[in-house]
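Everything on this sheet refers to the single structure shown next.
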Amino acid sequence: MIIAPNIILVGPMGAGKTTIGRLLSQSLGNEFHDSDRVIEENAGADIPWIFEKEGEDGFRHRETQALYELTHNMDKPIVLATGGGAVMREENRTILRNGGLVVYLYATVNQQLVRTSKSNHRPLLQTGNPKATLSKLFAVRDPLYKEVAHIIVETDTRHPKSVAKKVWDAI
Ligand code: S3P
């Protein structure tokens, strides 16, 4: 029997990591986890609160712990959606790369902007010009997503079901 590894989704805010993750989890029959939700459960507080009280550094520290926990302490393979900044720490990149099949869900800055404009729970987009922020983050992070990814799937022009099928085909 072939056992699928953990499927780890990385990519910018608005790439569709949660939507695609849920679809994949349904078709694979593996549990879905979202590292942002685990961070919130462990902290007993939401992400905006963590950023406000502990700063981005505090959040990143919690993120490393959650990623480690999710890739080491589960009995069965999972589908894992990560936060857009999960690749920022070298330590995290090692955890991700060794933790399963890493899929980079690629989206252009314009698409990221469209998809993130409907929510206000992302502290990094609450101040300044969101497009400029997304562009700046993308310039730094795109090479890091590519560094950790085993496969890259473009999400701009595809329906979520078609993105999930692409990932499924690659497993
Ligand atoms: C962040 C992305 C968010 C969340 C936090 C920081 C980032 O996750 O982890 O607000 O640094 O890009 P999503 O990519 O799921 O929005």
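Hey, which of the strands (runs of 3 or more DSSP E) in the stretch 1-103, taking only ones fully inside, have at least 2 residues that are modelled with pLDDT of 95 or more and either of a type in the set (Val, Ile, Thr) or in contact with a Lys or Arg (Cβ under 6 Å, 6 or more places away or on another chain) (or both)? Once the strands (runs of 3 or more DSSP E) in the stretch 1-103 are filtered for at least 2 residues that are modelled with pLDDT of 95 or more and either of a type in the set (Val, Ile, Thr) or in contact with a Lys or Arg (Cβ under 6 Å, 6 or more places away or on another chain) (or both), what remains is 7-10, 78-81. Pairing each residue of the stretch 28-40 that is closer than 23 Å to Ile171 by Cβ and among the acidic types (Asp, Glu) with any residue that is modelled with pLDDT of 95 or more and near the ligand (Cβ under 10 Å from one of its atoms), provided the two are 6+ apart or on different chains, yields C-beta distances under 6 Å for Asp34/Thr18; Asp34/Ala81.
Restricting attention to the stretch 140-163, the residues that are in contact with a strand residue (DSSP E or B) (Cβ under 9 Å, 6 or more places away or on another chain), in a helix (DSSP H, G or I) and either among the small types (Gly, Ala, Ser) or more than 18 Å from Arg89 (Cβ to Cβ) (or both) add up to 1. The number of residues in the stretch 84-101 being within 16 Å of Ser35 (Cα to Cα) and within 16 Å of the ligand (Cβ to nearest atom) comes to 11.
Whether a residue is free of Cβ contacts under 8 Å to residues at least 24 places away in the same chain, over 16 Å from Lys17 (Cα atoms) and hydroxyl-bearing (Ser, Thr, Tyr) was assessed, and Thr71 does not pass this test. Could you please let me know if Leu137 is more than 11 Å from the ligand (Cβ to nearest atom), in contact with a Pro (Cβ under 9 Å, 6 or more places away or on another chain), touching a residue at least 24 places away in the same chain (Cβ under 8 Å) and not in a strand (DSSP E or B)? For Leu137, the condition - more than 11 Å from the ligand (Cβ to nearest atom), in contact with a Pro (Cβ under 9 Å, 6 or more places away or on another chain), touching a residue at least 24 places away in the same chain (Cβ under 8 Å) and not in a strand (DSSP E or B) - is not met.
The values are calculated or read from the model by the stated rules, or taken from the named source; none is laboratory data. Just so you know, these numbers come straight off a predicted model, no measurement behind them. Positions of Cβ are generated from backbone atoms using ideal geometry, with glycine treated the same way; all protein chains shown enter the neighbour counts.
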